[in-house]
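Colleague: Next up is a structure, given as structure tokens.
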Amino acid sequence: MTSADVAVPAAQTAEPALYTGKRAKRRSNSLTWGIVGWVVGIIFFFPVLWMVLTSFKTEAEAYTNTPHIVFSPTLSQYKAVFSSGLWPYVANSAFATIVSTILVLVLATPCAFALSLRPVKKTRDVLFFFISTKMLPVVAAIIPIYIAARDLHLLDNIFTLVILYTAMNLPIAVWMMRSFFLEVPGELLEAAEMDGAPLRRTVVEVILPIVAPGLAATALICCIFSWNEFFFAVNITATQAATVPVFLVGFISSEGLYFAQLAAAATVATLPVVLAGWIAQRQLVRGLSFGAIK
Amino acid sequence: MAEVTYDGATCIYPGAERPAVNALNLPIEDGEFVVMVGPSGCGKTTALRMLAGLEEIDDGSIRIDGKDMVGVPSRDRDIAMVFQNYALYPSKTVGENMGFALKMQGIDKDERARRVREAAKLLDLEEFLDRKPRNLSGGQRQRVAMGRAIVREPKVFCMDEPLSNLDAQLRVSTRTQIAELQRRLHVTTVYVTHDQVEAMTMGDRVAVMRLGQLQQFASPTDLYDRPANVFVASFIGSPAMNRFDGTLTEDGIRLGQALIRPSSKQLQEARGHDQLVVGIRPEHVAVSVSGDLTVKVALVEDLGSDSYIYGSLADEPDSNIIVRSGRDHPRPGEVIKVSVDTSHLHLFDAGTGERVGD
């Protein structure tokens, strides 16, 4: 009896010391990661900050060396951008982005559904085929695409971009949607089947509400990729179907860089994506971490 | 309400070495509560899913009210299923979950609401009808899953280990609720569990399965009193039945050094089976100074009302024996004498494992 009584206080004093040690270690660990996080964040954010700051400078100020952090901000660059015919480019970008994203979702959803919930023998091969299309550098495909578009009289046509963006995003969308569908418990489908729901009702009433965050995340990724796409746009459009990234390049002219104007135009071009990302932030985080934790 | 008949029903998973369910014959009467029980991998869940239409019937047939179900899709079988993890629709409220099947049947909104409310009342779920499943406790979710089945007024209920996600206390109370509800609704029910206590307490009849084969289909008392083979004998009853290797002699059965004497009728029936497995339940062995068997006590489990003595036969250290005793029990390490109630002996052929005699 006495030995037990003696042993207990010893253990009690020993334990807190152990916990403090562990906790201190954990705290210093999280501090390290915090610093790493901030450093990486700043490295990523700095060019954006630079761009936004420059957009409020005059061209002369934009060229100063060393750069001025303190300056009197001006909106003149934005005025210049908006008066230099930005809107048709925005309209083209918006059309290509929205239509291609809708097409991608309409095609990827049933495809991913089949590949995840009704797999067949060669499902893995099909999935590999999809992703393999992303392994070829786009530049390697541009000549056949250009020739095909030329012969079909589809050069400088916005629908060509819609088709290309749909094709470009479809593999990623199928892979993403598939991972979301895989998270849907099989029992739910069986329960719906037992409840007498036909496939269409099962998809609409049971599955889609569950994968909605994933759908939103996929849509956003497709939007970002399409909105920012430059290579196809610059090669197969000219005046009619050119998009915002092509417009931006116009500021790099033979007479030299219009730094401040370019910065203002780039800021304007970034805004829709930032806004969409900010609105969809919660959905996006949920969507992108959907498969990670249950 | 319906009769359900498994007639040589077989299910073979692609690439499997043996059928998951092998030629299962099970006549289930109208309104009966049948429990399928067995260790994991015995095919009980597959058998249930075959009835529900979620697994193919590769051979034989399953009939509901005489109608062959081979090739009939789940939705046309009029069967409601309660899943192990409940499978509630997470985006729907409790009320919508329960009414979904009725909606699919095209029943109008008012009638749906009425029937959902009725079932909710029965299951004490009225105040939760507008909540989402994620805001419910495990027990409440379980009741919603039951409610979803009840609302449909189906011909057959299929239940796949519906209590296995509940804590021990809730499991016991829900067990009686389900059994009582089934008696009241009088809907033919097939219930799958690995828990033999659930099987014994809930079922009108119990089907014991092992490796895809039906071992015995009988009432709980029959299973307990007359197990058809060594597997059933060891599976049903807690603690398990004591089993010893015995040799048939002229005047009794020899267990190591000891000789036990069954009734002359039983001895007569055992003729021809020289090597036997002798089964005796713990409650039919008693501590007694004039006992036939000498037992070395290894462990005593005191349950309050009575106790179980775990040990081995003194002359066979590898054997196991469990003896039910009162509160006044020996201590571990002691060597005691126990007597066997020979009117409750179970004899099995050592080769086939089948029961010998009546």
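Colleague: Being among the aromatic types (Phe, Trp, Tyr) and either without any contact (Cβ under 8 Å) to a residue 24 or more places away in the chain or not assigned by TED's automatic domain parsing to the domain that holds B:Thr342 (or both) is the requirement here; does B:Tyr224 meet it?
Modeller: So B:Tyr224 passes the test.
Colleague: If we only count strands (runs of 3 or more DSSP E) wholly inside segment B:21-91, which ones have 1 or more residues that are more than 14 Å from chain A (Cβ to nearest Cβ)?
Modeller: Once the strands (runs of 3 or more DSSP E) in segment B:21-91 are filtered for at least 1 residues that are more than 14 Å from chain A (Cβ to nearest Cβ), what remains is B:21-28, B:33-37, B:59-64.
Colleague: Which ones in segment B:296-347 are of a type in the set (Ser, Thr, Tyr) and assigned to a strand (DSSP E or B)?
Modeller: Of everything in segment B:296-347, those that are of a type in the set (Ser, Thr, Tyr) and assigned to a strand (DSSP E or B) turn out to be B:Ser307, B:Tyr308, B:Tyr310, B:Ser312, B:Ser319, B:Ser325, B:Ser339.
Colleague: I'm checking my understanding of the structure. Among residues of segment B:106-126 that are touching a residue at least 12 places away in the same chain (Cβ under 8 Å) and assigned to a loop (DSSP other than H, G, I, E, B), which one is surrounded by the most Cβ atoms within 10 Å (Cβ to Cβ)?
Modeller: B:Leu125
Colleague: Grab the helices (runs of 4 or more DSSP H) fully contained in segment A:106-211, keeping just those with 3 or more residues being acidic (Asp, Glu) and within 28 Å of B:Gly106 (Cβ to Cβ).
Modeller: A:186-194
Colleague: In segment A:52-89, what count of residues is obtained for those that are surrounded by 16 or more Cβ atoms within 10 Å (Cβ to Cβ), within 29 Å of the chain's Cα centre (by Cα) and not in a loop (DSSP other than H, G, I, E, B)?
Modeller: The number of residues fulfilling the criteria is 7.
Colleague: Exactly one condition in (1) touching a Phe, Trp or Tyr at 6+ places or on another chain (Cβ under 9 Å); (2) under 23 Å from A:Ala219 (Cα atoms) is false for A:Phe128; which is it?
Modeller: It is condition (1) that A:Phe128 fails.
Colleague: How many residues are exposed (fewer than 11 other Cβ atoms within 10 Å of the Cβ), farther than 17 Å from A:Ala238 by Cβ and either under 22 Å from the mean Cα position of the chain (by Cα) or not hydrophobic (A, V, I, L, M, F, W, C) (or both) if we restrict to segment A:133-175?
Modeller: The qualifying residues number 5.
Colleague: Residues to consider are B:Gln182, B:Gln142, B:Gln169; find the one that is loosely packed, with under 15 Cβ neighbours inside 10 Å and within 16 Å of B:Glu198 (Cβ to Cβ).
Modeller: The unique qualifying residue is B:Gln169.
Colleague: Have a look at A:Phe259, A:Phe230 and point out the one that is in contact with an Asp or Glu (Cβ under 7 Å, 6 or more places away or on another chain) and more than 14 Å from every other protein chain (Cβ to nearest Cβ).
Modeller: Only one candidate passes the filter, namely A:Phe259.
Listed here are the residues, each with its yes/no results for (1) surrounded by fewer than 18 Cβ atoms within 10 Å (Cβ to Cβ); (2) more than 19 Å from B:Asp222 (Cα to Cα); (3) within 27 Å of the chain's Cα centre (by Cα).
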site	(1), (2), (3)
B:Arg324	no, yes, yes
B:Asp328	yes, yes, no
B:Gly333	yes, yes, no
B:Ile336	no, yes, no
B:Ser339	yes, yes, no
B:His344	yes, no, yes
B:Phe348	no, no, yes
B:Gly351	yes, yes, yes
B:Arg355	no, no, yes
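Colleague: Of the residues in segment A:181-219, how many are at the interface with chain B (Cβ under 9 Å from one of its Cβ atoms), under 24 Å from A:Leu170 (Cα atoms) and among the small types (Gly, Ala, Ser)?
Modeller: Total satisfying the criteria: 1.
The values are calculated or read from the model by the stated rules, or taken from the named source; none is laboratory data. Please read these numbers as outputs of a predicted model, since none were measured by experiment. With ideal geometry, Cβ positions are generated from the backbone for all residues, glycine too; neighbour counts draw on all protein chains shown.
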